[in-house]
Amino acid sequence: MVKKTIYKNILKNKNKMNLVKSKKAQVSIEMIVILSVLILATIVLASVLLGFFSSKTDQATDVDNKTEAVVVDFLTNLSTYDDGSGGQDANVTSTPYTLSVSRNGTGTGIVTSFLPGIDCGTDCSQTYDSGTSVTLTAVTSAGSSFTGWNGACSGIGICTVVMDSAKNITATFSFLG
């Protein structure tokens, strides 16, 4: 009887082991299928991307070749190029104009420009190229107030002028005492 019970237990355990082995084999097969699908998808994606990028590379090369042809044509025919100036060289230099600042009134202060040039306490005149925008600020000394601009600027705020001609600007300061 004991032998029979031991034999039954061995058979029972053997059947359980076979079942576990069977489930492991099934899981292994499922993993192999999943990995195969992922590898195949990666190969397909790589093929698509390579085709896409190679067509874009061909387009870029075509644009480069056309640009090069235009530049070579221009440089080759430079001596006959007509810029519309009737044979005259274009004026590439700018006309310089002088900005002059003076201070007036019973108070004291200085005038400075955001661009280098004007620091009117010591340097009240500067030459700028035509079209240059120059911004001036009045800074009062202790016991004084700024009462306004005259000339090319007016008002009491920041003064901005465009240098299209010579400009004269006066900053007026008043003593507060």
Return a yes/no flag: does the stretch 105-113 have any residue that is in contact with a Leu (Cβ under 6 Å, 6 or more places away or on another chain) and either part of a strand (DSSP E or B) or at pLDDT below 95 (or both). yes
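Looking only at residues in the stretch 145-174 that are in a strand (DSSP E or B) and of a type in the set (A, V, I, L, M, F, W, C), which one is surrounded by the most Cβ atoms within 10 Å (Cβ to Cβ)?
Pass one, the stretch 145-174, residues in a strand (DSSP E or B): 145-151, 155, 159-162, 167-174.
Filter once more, keeping what is of a type in the set (A, V, I, L, M, F, W, C): 146, 149, 159, 161-162, 169, 171, 173.
Numbers: Phe146: 19, Trp149: 22, Cys159: 23, Val161: 20, Val162: 14, Ile169: 22, Ala171: 27, Phe173: 23.
Ranking the qualifying residues of the stretch 145-174, first place goes to Ala171.
The values are calculated or read from the model by the stated rules, or taken from the named source; none is laboratory data. Note that this is a predicted model, so its numbers are computed, not measured. Cβ: placed from backbone, ideal geometry, glycine included. Neighbour counts: every protein chain shown.
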